[in-house]
Each structure stands twice: as structure tokens, then as C-alpha cells.
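So the structure is just underneath, and the comments pick up after that.
The values are calculated or read from the model by the stated rules, or taken from the named source; none is laboratory data. Just so you know, these numbers come straight off a predicted model, no measurement behind them. Using ideal geometry, Cβ is built from the backbone for each residue, glycine included, and neighbour counts are taken over all protein chains shown.
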Amino acid sequence: MTTAVELRGVVVRYGAVTAVRGVSLAVERGAIHAVVGENGAGKSTLMRALYGLVPLAAGEVRVKGEPMARPSPEAAIARGVGMVHQHFLLAEALTVAENVVLGREPRRRGLLDVAGAEAEVGALAEEHGLAVDPAAPVGALSVGERQRVEILKALYRGADVLILDEPTAVLSPPEVDDLFAMLRAHRDRGGTVILVTHKLDEVMAISERVTVLRRGEVVGDLPTRDATPEAIVRLMVGRDLAGPPERGAGPMGDVRLSVEGLTVRGSLDRVSLEVRGGEILGVAGVEGNGQTELCEAITGLRRADAGIVRLDGADVTRASPARRRALGLGHVPEDRHRRGLLLDLSLAENLLLGRLDEYTRFASILDRRRLAADAARLLERFDVRPADPAAPARSLSGGNQQKVVLARELSLRPRVLLAAQPTRGVDVGAIERIHAELDGVRRRGAGVLLISAELDELLALADRVAVLYRGRIVATLPRAEADRERLGGLMTGATAQQAAVQP
Amino acid sequence: MRGILSGAFLLQALRISVPYVLAALGGVASERSGVINIALEGMLLVGAFGAAVGALASGSALAGLGAGVLAGVALAALYGLAVIRWRADQIVCGVAATLLALGATRYFLKVFYNSTSNSPRIPSTDGLGWAILVGAALLAALAEAGLRRTAIGLRLRAVGEHPEAARSVGVRVAPLRWLGVLLSGALAGLGGVWLAFDQHGFVANMSAGRGFIALAAMILGGWRPLGALGACLLFGGAEALQLRLQSSGMGLGAGTVQALPYLITIVALAVRGRASVAPRALGT
């Protein structure tokens, strides 16, 4: 039994924060090894340390038995370790081939051999079943294709150890299947895969061994066949999860939000939907099929080219975002860093943003004490950690940041809540909480439009699921009829035609 | 109106374009590596001053050329130290570098030649001047090929688009940015040399905003060398036209006519502006 990669007592610090505390881990050659943990457990940091992107405060990295004196991406690459980053590291203006060969360019007579690079990348793609056009600019590719480019980058450098950081977060179910087939083939050829994930079904489906991290430490390391999803969750979270919220059959109310024939050129094609009070309408779809534009058109951040948006029967198609908020539209945006929060402002400021009028005394001076007191109450109610109103939003973990956004939106007591990808990049414990809050909104009679790429989330929460594919709603299924296979087919257009002729 | 498209007119347009082309190529070199270069104006100016001092001190035009290019590189090195090494704000430092160039050339003009306005006349430099004119066009073609068809060119572009991605595959960012910035100093310095040779001496503030026009041409040309060359020729043509119109005594007021090149610049940028995509990591 030989190890491909071995970590011994690895410690990583970011300033005063210790992200990884003495992790030891051995990855066998010719195996798929899953590394799981909540967000903030140190998985990504550990992988970055292994790949030499962050310095080790202590410990040692060994690749194929040999210690790496000074870990660096160059050293890792030289020993056959390649990393597929969660946030792709690709220059969009460059072509696929240029991105792949960068740093190791084939040359002919001193010049860059563009044709040779494209041919070589094309052949490599073919060999590994990673269909992508080598001459296309990366900016024109889908998310799934970009991931293939990332994998090609590693393979081009001769990597036999592939590290993939949350590779399935951005993929549709069939793309996940393709990726897993490719990884299995890589393993069967004697290659090694380190798969960082927080999705347990993936761990169970593909890995031979699983290492569980919590708060920067290894809390479990076992063969996958000896593990159960429940046991892994218990290790990850340190307790049992409550499971999906109990569904009381809330009363169906009037139509709260109605969208008719909403069109945004190039993105949305005559989308119509209705959300009633006491209902959660889910919108499923692979990223980039019009979700962003749908949110922006409903919230007024973007003008629609055609169509009508009504809130509680009032036509708000041309109303400003502020007006829509005043009419009771809450919004949890998909990109909380860019739209949801002002990262450098304090939690108190973020929580009460847009309502500062309520906190001004004469001459527009803010009543900071009352602001902080109300913020502290909200933080406590939503279990945000740390519950410090003065802390900058940037200092919080993803899950806690999202709770802050949710706290702000719910404190307005919205009649309609538009929640886009509310649990993206959020750890298991926080997901549980966010789901309970969304269900709470429904129970008190408001309508929720839940846009999500996570089928489990939609199946757990939504009363009906609409599927968005290439800017059109191709089907709307009651929850009883929605299952993973059916939704997966619709999301990728495989079964669009049949399902579109829905009564 | 006769003679507007004459050979003399075209020649004049080309002559006017030379410093624009060289400075704009310098801008491309720097900005494709991700470093904003507002200091082009200052690099032109120190290039011109260096050329005059070099030529006067040695009596050789070639030495003047070398001194001008070196002066541009020296200012670029200072700028690179601030923005690459110390990661200072590129706009602020670019303005500072230009102001420094203005002040320093004035100061040394006084010290060396006891004048507040201009240096003594420099000896004939005609042959070299022509070489620079032809060289500017060749450099544009060379830069285009270099960016697309060499490994260094690819790495330079990658660093300007996504430095993190470049770093992750072992391409070091800082050396490439240094290369871009120093090249921009050399090119803009050479543009300054042309100015000094063309006017047979150094005149205080003789760059007169050309560095900024070159910046506009670079943007108009989509940060591509040949695109920038085309835009510079357009601007040069407009300026030559303006001079013609002025001397032909047509009814337009001198103010209107003089504003022509700048109006064309603004209109061209407004029309093309959004289609022209900047390097993604510019200024970071």
C-alpha cells in the first residue's frame, strides 16, 4: 500500500486565526479520498496548503513518500499534484488552449506554438472524455465546460493526483455524472483523487475513504463502506440534525406575487408564475438559465423588456426597488458578497440598512445606541455568531453572513420573500436554520419564491417546483410529482418537450 | 481646401502620430500586464528632456536617443517600485509620476541651461528621426505578434487578466508586470525622443497632454497594439487636419478648430468605449 499524499501535523494560520490545527491525513494511491466538513472546517485551507498556496505554520507535506521542503504550486505540479479550484482560476479573455498551456507553453522556433497547443489540448480532452473546444475563449464556456478546462490544466501538467474542491456545487446532475465517470476512469488508471465536498451522497457514491474535518481538526477517518451518512453528519456537526422542518399544512392565501410574460432579451423568455400566501414556489435550474435575470427583474434591479410584475395585485413593473421593498418584497440575493452585504460595514449597519430613517433624530443624526440594541436583538434571534453588532460583515463565515441577510429581510416582515440560492456556500448547521426560517415565512402566510440549484433543498421545502431552462419555465410540478430524475431531466432540457405540454 | 490630402498632409499626420503610437504601445505593454499607466505623459516628457540633454552633452543624436529611452525607463522604474513593489494606488502614483516629470524637467532645464522655457537647439537628427518613425510602425506589428505568438506575451496577458490563475500554474506575476511597466517607459521615452528631435530641442511641458491622448488611443484600439496604432493615426490625422484648417483661414474660429482632435477623441471613445474590453485585472 503506497500513499500518494501524506500530511503530518499540518497547521495553517491566517493572522490570529488558526484555520487548520495539526491535521494528519494519508491518501492512498489509486483511490478516491473524500474530505468532508462544514464550511469553515478548514477543508479548502488544507487543500490550499497541500498545493502550496498558503504557507504551513507547522507540519509536513509528503508526496509519494518524499517530503516537500517548501510547498509551492510549482513543487506540487512537479510531483504530479494538480488542483481544480472551487472558484475557477481561468482567464476568460484567453482561449481554452492558452489557459491550459500557460506556464508550460509548447514552442516552435522560439514562438508560442498555438496550433500545437490546441492539438495537444484537444487530444488530452478526447482521451479523458472532457469535451471542450480548445480554440474557444473561456468566457464563452458554460460552468461545466470551465471545470473541464480546470481539470485539463492539471492533466496537461502530468498530474496523477487530482484535488477537486467542491467540484459539483456548480454542476447539473448529468454533468455530475460525467465528472464522476471521468474521476472513476482516472482512478482505474491508477490515478488518485482527493474530493473536497460537503455533499454526503457524493461521498457515499464515489469515495473509498472519507476524512471528516471539524474546526480545523480531523474528527473521523474511515473507509467509506464502514460509514453511514448519518454518522458522517454527526462527526461534521458534532450533533444530530433535526431533519427537514415539519410541514404544517398552512392555509393557501391569495396571490402575493404574480409574474406574467416576463422577458429579458437573451435571458428570459415569457416567464409566468404565481406565488400565493402560505406557499413556497421553488425554481429549479442549472445556474445561468435566467435565474439571475428573473431575480433582478422581480426586484426591480433590472428593467424587463416585456411582461408584468404584480405584488399583491399592484402593478410594480416600473416601480423602483425601494418602492417594491416598501410594498413588502424581501430579497435574499444570490451573491451575498456583492449584493447582500456591505462587507466592510458593521453587522448593525448591514442589518438596518434601508431602514436608517427609523433611527435618525433631528438633523439626520443616527441614534447609534438604539441601532446597536436592535441589531443585537436580531443577531441573537437568528443565532448569528459572533453576535457582535460592531463586527464587520467580512469577518463572519458564509453561513453567518447569510443569516444576517435573512435577519434583515425578515425583520421587514415581507409579504413576498424572494430567496435566491439561500444556502450556497453555507454549512450544514446554518442550512438547517435557514430552511426553518424560510418555512416560518410560509407559515405566517407570506409567499416565498425559492430559487435554488440544490434539488434536495427544493424537494424539502417547496410546495411546487418550476423548472427554468434557457430562460423559460419548461414545467411546474407539484411536489408529489417532482423527483430528482424528473427535475434533472428537465433542468438539462433532456425532457423539455414532453414536459412543456403540461396541462 | 486643395492639398488637404496631399503627400505633405499625410506626412504631417504621420509625424504627429509618432509620439502617440509609441506612448500608446507603452500603454498596451503596461496595461495588458494589469498595471494602469497614467504616467505615460510624464514618460514622454522625461524622454524628450533626456534626449535633449544627451544630444547636447555628447553632440551625438544616437546618445540622445539612448538617454531619452533611459530617462523613460528610469521614471517607469520609479513608478513600478511604487505600484508593483509597494502596491500603491496606480492612478494616484501615475499622476504623481507625471507631476514629478513636469517639475524635474523644469528644474534641470534651469540648472543645465539656465532657461525656464527651452533648451538650446540640438544638432540635426534627421536620419534618426526617420528611423524612429519607421520603427514605431514596426514596433506596433512586433508588439502584436509578441503578445499573441510568444510564451512571454501569453503570460503577460494572463497576468493582466487573472494574476491568481497565473500564479497557480507557477507564473510569477511581479516580474511580468515589471516587464510591462519598464517596456512602457522605454516606448514612451522613445516617443519623447521623437518630440525633442522633431522640434530640435526641449521645450518646457512639450508633451502637452500627448500621453493622455495616447491613453485614449490605447483604449479606442481595444488594448491591442495594431488597434492602438490605428487610433493614433486617426488622432494624428485629425490634428494635421486641424492645422491645415487653421492655416487655410476658413471661417471656423481658431478655438473650434483646435478642439477638433479632442472632439474626435471623445466621440470615438463614446462610440467604441463599451466594445473595448479592458484587461480584467487592470489596476489590481
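Just a few scattered comments:
- Single residue of region A:24-38 satisfying the filter (touching a helix residue (DSSP H, G or I) at 6+ places or on another chain (Cβ under 7 Å) and β-branched (Val, Ile, Thr)) that is farthest from residue A:81 (Cα to Cα): A:36
- Condition check for residue B:233: assigned to a helix (DSSP H, G or I) and surrounded by fewer than 22 Cβ atoms within 10 Å (Cβ to Cβ): yes
- Among (1) out of contact with any Asp or Glu (no Cβ under 7 Å at 6 or more places or on another chain); (2) over 28 Å from residue A:233 (Cα atoms) - the single one residue A:28 does not satisfy: (2)
- Count of region A:454-465 residues which are surrounded by fewer than 23 Cβ atoms within 10 Å (Cβ to Cβ) and of a type in the set (A, V, I, L, M, F, W, C): 3
- In region B:160-213, residue nearest to the other protein chains (Cβ to nearest Cβ) [restricted to those that are in contact with a Pro (Cβ under 8 Å, 6 or more places away or on another chain), among the hydrophobic types (A, V, I, L, M, F, W, C) and closer than 28 Å to residue B:102 by Cα]: B:213
- Test result for residue A:25, touching a residue at least 40 places away in the same chain (Cβ under 8 Å) and surrounded by fewer than 24 Cβ atoms within 10 Å (Cβ to Cβ): yes
- Yes/no for residue B:226 being within 14 Å of chain A (Cβ to nearest Cβ), in a helix (DSSP H, G or I) and at pLDDT 95 or above: no
- Scanning region A:82-93 for residues that are part of a loop (DSSP other than H, G, I, E, B) and within 11 Å of chain B (Cβ to nearest Cβ) yields A:85, A:87, A:88, A:89, A:90, A:91, A:92, A:93.
- Residue that is surrounded by the fewest Cβ atoms within 10 Å (Cβ to Cβ), among those in region A:51-75 that are of a type outside the set (S, T, N, Q) and either within 13 Å of residue B:167 (Cα to Cα) or in the same structural domain as residue A:158 (by TED's automatic domain parsing) (or both): A:74
- Comparison of A:430, A:420, A:480 shows that the only residue that is at pLDDT 85 or above and within 20 Å of the chain's Cα centre (by Cα) is A:420.
- Counting only residues that are within 29 Å of residue A:431 (Cβ to Cβ) and surrounded by fewer than 12 Cβ atoms within 10 Å (Cβ to Cβ), region A:355-385 holds 1 of them.
- Elements of type helices (runs of 4 or more DSSP H) contained in region A:304-396, each with 3 or more residues being over 25 Å from the mean Cα position of the chain (by Cα) and among the charged types (D, E, K, R): A:321-326, A:368-381
- Looking only at residues in region A:94-117 that are facing chain B (nearest Cβ under 7 Å) and within 16 Å of residue B:176 (Cβ to Cβ), the one that is nearest to the chain's Cα centre (by Cα) is A:94.
- Reported count of residues in region A:433-451, each being surrounded by fewer than 24 Cβ atoms within 10 Å (Cβ to Cβ) and within 13 Å of the chain's Cα centre (by Cα), is 0.
- Residues located in region A:61-70, provided they are among the aliphatic types (A, V, I, L, M) and either free of Cβ contacts under 8 Å to residues at least 40 places away in the same chain or within 13 Å of chain B (Cβ to nearest Cβ) (or both): A:68, A:69
- Test: residue A:134 is in the same structural domain as residue A:83 (by TED's automatic domain parsing) and at pLDDT 95 or above: yes
- Any hit, region A:71-81, residues being polar (S, T, N, Q) and either assigned to a helix (DSSP H, G or I) or more than 10 Å from chain B (Cβ to nearest Cβ) (or both): no
- Selection count where residues are of a type in the set (S, T, N, Q) and assigned to a loop (DSSP other than H, G, I, E, B), scope region B:1-60: 4
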